[in-house]
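Everything below concerns the one structure shown next.
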Amino acid sequence: MRAHLSPWLFAAATCWALGAQAANLGTIGPTYPVAEKNLLDVIMARLRAKEASGELKRHEQEARDRAAYAVNNPRPVDGLRRAQAARTFYFDPTFTLQSNVVDSAGAVLFPAGTRKNPLEVVSLSKHLLFFDARDPRQVARARELIEHYQGKVKPILVGGSYLDLMKRWNKPVFYDQDGTLVRKFGIVAVPAIVSQEGQRLRIDEVPVR
């Protein structure tokens, strides 16, 4: 059987063989010790200098402030306007399975092509209210709607700080990240409130006074 050398052993053997055959050419010019600093030492020295001057602490605080602001103020949903006129339309949540749903043994529970409406199984327990908290008039209108529906409303922001509003209202406030829900429902103006009517969802874009 033919033996195989690892790449490292092969390289070492080659260097040894070449070194054994090389002639001593002597010294050409003066020689000096390597004076380059270790890169890690340079980096650590710079960090210590920034720490001593307070610059490092300032950068850390700025990073924390940016992160806190991003959490408290998510990116607003683009493409929405303030509702100027009442508009009512409906959304049918029925979906069609694109592939078979199987159990752990591979048996088909629901074949592809099956149509199902989630509202047949789970009802919408609260109204969904979408609005922009950066607009004081929308916030006031949202408050009126919450009182009108006796608190059975889930406030969902499309802009503004949900944490600030939660503190003011002392109740949970949610955020429609990336506008997933308003785009799914076809909402183009806010405030808009979503309610269940039978097996459909009724969507009312409510004008702001």
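The values are calculated or read from the model by the stated rules, or taken from the named source; none is laboratory data. Just so it is clear, the model here is predicted, and its values are computed rather than measured. Cβ atoms come from the backbone with ideal geometry, glycine included; neighbour counts cover every protein chain shown.
Scanning the range 98-110 for residues that are on the phi < 0 side of the Ramachandran plot and exposed (fewer than 14 other Cβ atoms within 10 Å of the Cβ) yields 98, 99, 101, 102, 103, 104, 105, 107, 108, 109, 110. Only residues that are in contact (Cβ under 8 Å) with a residue 40 or more places away in the chain and part of a strand (DSSP E or B) were counted in the range 84-110, giving 5. Filtering the range 166-179 to residues that are surrounded by fewer than 17 Cβ atoms within 10 Å (Cβ to Cβ) and within 24 Å of the chain's Cα centre (by Cα) leaves 166, 167, 171, 172, 174, 177, 178.
Condition check ((1) touching a strand residue (DSSP E or B) at 6+ places or on another chain (Cβ under 9 Å); (2) farther than 24 Å from residue 73 by Cα) across all residues:
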position	(1), (2)
146	yes, no
152	yes, yes
160	yes, no
172	yes, no
178	no, no
181	yes, no
197	yes, yes
201	yes, yes
209	no, yes
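From the list 171, 167, the one residue that fits, being closer than 23 Å to residue 208 by Cα and either free of Cβ contacts under 8 Å to residues at least 24 places away in the same chain or assigned to a loop (DSSP other than H, G, I, E, B) (or both), is 171. Applying the set (1) of a type in the set (A, V, I, L, M); (2) at pLDDT 80 or above; (3) not assigned by TED's automatic domain parsing to the domain that holds residue 189 to residue 68 leaves exactly one unmet item: (2). Kindly evaluate residue 97 against the criterion of being over 22 Å from residue 163 (Cα atoms), in the same structural domain as residue 177 (by TED's automatic domain parsing) and at pLDDT below 90. It is true that residue 97 is over 22 Å from residue 163 (Cα atoms), in the same structural domain as residue 177 (by TED's automatic domain parsing) and at pLDDT below 90.
For (1) free of Cβ contacts under 8 Å to residues at least 24 places away in the same chain; (2) surrounded by fewer than 17 Cβ atoms within 10 Å (Cβ to Cβ); (3) part of a helix (DSSP H, G or I); (4) in contact with a Phe, Trp or Tyr (Cβ under 7 Å, 6 or more places away or on another chain), each residue gets a yes or a no:
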position	(1), (2), (3), (4)
112	yes, yes, no, no
122	yes, yes, no, no
137	no, yes, yes, no
145	no, no, yes, no
150	yes, yes, no, no
201	no, no, no, yes
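Test residue 155 against the criterion of being under 22 Å from the mean Cα position of the chain (by Cα) and crowded, with 20+ Cβ neighbours inside 10 Å, and give yes or no. Here the answer is yes, as residue 155 does meet what is asked.
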